[in-house]
Amino acid sequence: MPAQHEGPALGRRATAEEIGKALAGARRIAVVSHARPDGDAIGSTVAMTLILRDQGLNAVPINADPVPEGLTFLPATDEIRTPENWNFPDGGEPDVILLLDCAGKDRSGTGIWNRLPDSALLINIDHHVSNDLFGHLNLVDVSAPATGELVYRVAEAMGWSICPQARDNLFAALSTDTGSFRYPSTSADTFRIAAKLTADGADVGMISQQLYESYPFRRIGLLRELLSDLRMDAEGRIASYRLPLDMTNRWELKPGDTEGLIDLIRAVDSVIVAVFFEEMPGGTIRISARSKTPTVDVGQICGLFQGGGHRLAAGARVSGDLDMVMNSFINEVEKALNGIN
Ligand SMILES: [Mn+2]
């Protein structure tokens with residue numbers, strides 16, 4: 001089937017079955033997710049890779065960044081290769097590049113495209129509202145709470161088996177992107193899939209403990225500092241904290257250490273919008289925003305800062321001074337809050 005994608009158009013929506021068939025016809029599949037991977041990115045990448053390999057397909061998982069320390073307990077995450085160091089057993093190039101959980105092609109990180117061929121069929125499986133259908137085949141469902149759910153649907157549509165290692169990775173993908181099955185996007189279908197994975201042997205207690213109760217001390221030390229500098233605006237409806245680069249360096253933070261910290265301030269009763277401002281090397285500010293109500297669309301607000309995401313969870317990267325970026329972003333959130341009064 002590789003000949004079939006000679007010069008196809010981009011942007012076509014495809015069903016889970018169509019995606020499955022395209023994958024089944026591939027000779028070599030590069031499985032890629034976004035840089036700074038989270039539980040959904042890692043879980044989807046590893047699960048999809050193992051599911052494809054069980055079908056006798058050649059699949060190699062690649063990520064621009066290392067697996068966060070807190071996710072290395074997941075089976076087979078050590079299979080993930082760096083953009084410089086991947087190879088298929090026969091030395092060939094991928095004819096299919098499968099991007100998982102990436103709102104845009106660039107979300108996979110710049111380095112990833114250096115060695116990947118332009119001629120490959122691009123398959124895009126994702127659940128971000130801002131997804132621009134960059135693939136030749138696109139399975140983009142914004143109602144899905146996790147890309148892991150879409151990976152499961154592809155396997156289900158094709159009747160493909162899910163080995164225990166893939167199962168645990170899928171469970172982690174679902175659990176992390178739903179905030180342990182709490183976010184509004186969590187659906188009956190999410191529970192159906194989670195129930196199936198559990199019935200098949202996923203150890204819910206073990207996976208949850210590894211995901212949520214096994215943090216290194218530096219995370220709590222950092223949190224203590226962040227909270228001492230907590231900022232509340234708009235009569236307590238906006239909560240935000242700031243992470244300057246020197247604090248990151250002092251605590252020797254690793255990727256994933258700050259994951260989920262925003263949920264603690266989001267959980268305050270008066271708070272409608274929570275924002276986390278993180279200063280990155282090179283003068284970029286990484287913004288993560290969460291809203292508790294669909295009438296305050298943080299995806300749209302992040303769009304004003306060249307970012308995007310979901311209505312209730314979004315992000316942006318802005319170059320500039322930490323406090324100035326903070327002030328102008330909070331100003332926009334205040335405007336949005338005034339709009340709902
Ligand atoms: Mn996701």
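The protection proxy used here, the mean number of other Cβ atoms lying within 10 Å of each residue, ranks peptides 166-176, 152-162, 118-128, 215-225 as follows, highest first: 166-176, 118-128, 152-162, 215-225. Annotation: the antiparallel percentage among DSSP beta bridges lying fully within the chain is about 40. Net charge of the neighbourhood of residue 92, taken over other residues with C-beta under 9 Å away and scored Lys/Arg +1, Asp/Glu -1, is -1.
Working ranking of peptides 95-103, 205-213 by packing, defined as the average number of other Cβ atoms within 10 Å per residue, highest first, is 95-103, 205-213. For the chain, the Cβ-based charge dipole about the Cα centre amounts to some 300 debye (Lys, Arg positive; Asp, Glu negative; other atoms uncharged). Each Lys or Arg adds one and each Asp or Glu subtracts one; over the other residues with Cβ under 10 Å from the Cβ of residue 242, this totals -3. For residue 181 and residue 324, the difference between the fully extended length at 0.36 nm per residue and the C-alpha to C-alpha distance is 47.9 nm.
Peptide packing: for 253-260, 130-137, the average count of neighbouring Cβ atoms within 10 Å per residue gives the ranking 130-137, 253-260, highest mean first. Give me the distance in nm between label points sitting 7 Å out from Cα along the Cα-to-Cβ direction at residue 82 and residue 247, one decimal. Inter-label distance under the simple model: 3.0 nm. Accessible area per residue for the chain is 43 Å², calculated with a 1.4 Å probe on protein heavy atoms, without ligands, DNA or RNA. Here the chain exposes an accessible surface that is 50 percent carbon and sulfur, computed with a 1.4 Å probe and the other protein chains kept in place. Ranking 15, 82, 43 by how far each Cα lies toward the positive end of the dipole of the stretch 2-212 (charges on Cβ) leaves 15 at the top.
Using the Cβ atoms and a cut-off under 10 Å, what net charge is assigned to the surroundings of residue 71, where Lys and Arg are +1 and Asp and Glu are -1? With Lys, Arg at +1 and Asp, Glu at -1, the net is -3.
The values are calculated or read from the model by the stated rules, or taken from the named source; none is laboratory data. Here the structure is a predicted model, which means the values were calculated and not measured. In this analysis, Cβ positions are derived from the backbone assuming ideal geometry, glycine residues included, and neighbour counts consider all displayed protein chains. The protein model used for the area step is the full one, side chains on, heavy atoms only, and it has no ligands, DNA or RNA in it. Shrake-Rupley method; radii C 1.70, N 1.55, O 1.52, S 1.80 Å.
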